[in-house]
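Since the structure comes first, as structure tokens, the remarks are kept for the end.
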Amino acid sequence: MDAAAIIQKLKLQSHPEGGFYKETYRCEQKIPTPRGERSVSTAIYYLLEDKDKSHFHRIKSDELWFFHQGQPLEIISIQDNKVHTILLGNNLEKGEVPYAMIPANCWFASHVKDEVGFALVSCTVAPGFDFSDFEMAKRENLIGEFPHLKRVIENFTRQ
């Protein structure tokens, strides 16, 4: 299947950070958090294709990413004042990993590694995702905080 067929079959919709998604699970059990009550866990399908990007954003919970099919997905995060990359995929011999964890409050972005084809992944969030916990990076603010990372920030933020 190509990306268009997967988007149609899974009923994915545009995501504000870029790419396509569909929530597939929201735990009915709730837990209190400093931000209010949240589901214990949530899950989505997420797809990026070709040169599409997930622009720098952060959420207030840990997020696990699981690779399903397609091309390797590169996840770029800013941690400890440095850029870290994870290559999500199935080829362990090439340094790809089948799942990865992005810590809460960490700026991160992603793209199909070679910008050709697509990557279909799932993401789970615990405590569960809520759009009020989602923040898109503002280019000028992120560059102000990490001026030494200007090039990668410009590549993964919108003007």
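The values are calculated or read from the model by the stated rules, or taken from the named source; none is laboratory data. Just so you know, these numbers come straight off a predicted model, no measurement behind them. Cβ coordinates were reconstructed from backbone atoms using ideal geometry, including for glycine residues, and neighbour counts include every protein chain displayed. Please note that ligands, DNA and RNA were not included when accessible areas were found on the heavy atoms of the full protein model with its side chains. Shrake-Rupley method; radii C 1.70, N 1.55, O 1.52, S 1.80 Å.
Overview of results
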item: Using θ = phi - 60° and Karplus 6.51 cos²θ - 1.76 cosθ + 1.60, couplings along the stretch 73-85 (whole Hz; Gly, Pro as x); result: 10, 9, 9, 10, 10, 10, 9, 6, 6, 10, 7, 10, 10
item: Environment charge of residue 6, counting only residues whose C-beta is closer than 13 Å and scoring Lys/Arg +1, Asp/Glu -1; result: +1
item: With every protein chain in place, the chain: carbon and sulfur % of accessible area (1.4 Å); result: 49
item: For the stretch 1-63 versus the stretch 84-127, the gap between their alpha-carbon centres in whole angstrom; result: 13
item: 26 Å Cα-Cα threshold exceeded, pairs from 60/82; 94/138; 30/60; result: 94/138
item: Protein-only accessible surface order, largest first, of 145, 17 at 1.4 Å; result: 145, 17
item: Karplus-derived 3J(HN,Hα), 6.51/-1.76/1.60, for each residue of the stretch 127-144, Hz, glycine and proline x; result: x, x, 5, 9, 4, 5, 9, 9, 9, 7, 6, 9, 3, 5, 5, 5, 5, x
item: Approximate spin-label separation residue 40-residue 116, in nm, with each point projected 7 Å along Cα-to-Cβ; result: 4.5
item: Residue 106 accessible area, assembled protein chains, probe 1.4 Å, Å²; result: 10
item: Positive minus negative residues near residue 111 (Lys, Arg vs Asp, Glu; Cβ under 15 Å); result: -4
item: Two-site label geometry, residue 131 and residue 62: point separation in nm, points 7 Å out along Cα→Cβ; result: 2.7
item: Label point distance in nm, residue 91-residue 25, each placed 7 Å from Cα along Cα→Cβ; result: 2.9
item: P(r) tail fraction, the stretch 1-130 - alpha-carbon pairs more than 27 Å apart, %; result: 17
item: When the convex hull of its Cα atoms is projected in every direction, mean area for the stretch 81-142 (nm²); result: 5.9
item: Environment charge of residue 73, counting only residues whose C-beta is closer than 12 Å and scoring Lys/Arg +1, Asp/Glu -1; result: -4
item: For the stretch 56-159, alpha-carbon Rg and Dmax in angstrom; result: 13.8, 39
item: Approximate shape of the stretch 1-65 as ellipsoid semi-axes (Cα gyration tensor, √5λ), whole Å, largest first; result: 26, 15, 8
item: Solvent exposure of the chain as accessible area per residue, Å², 1.4 Å probe; result: 55
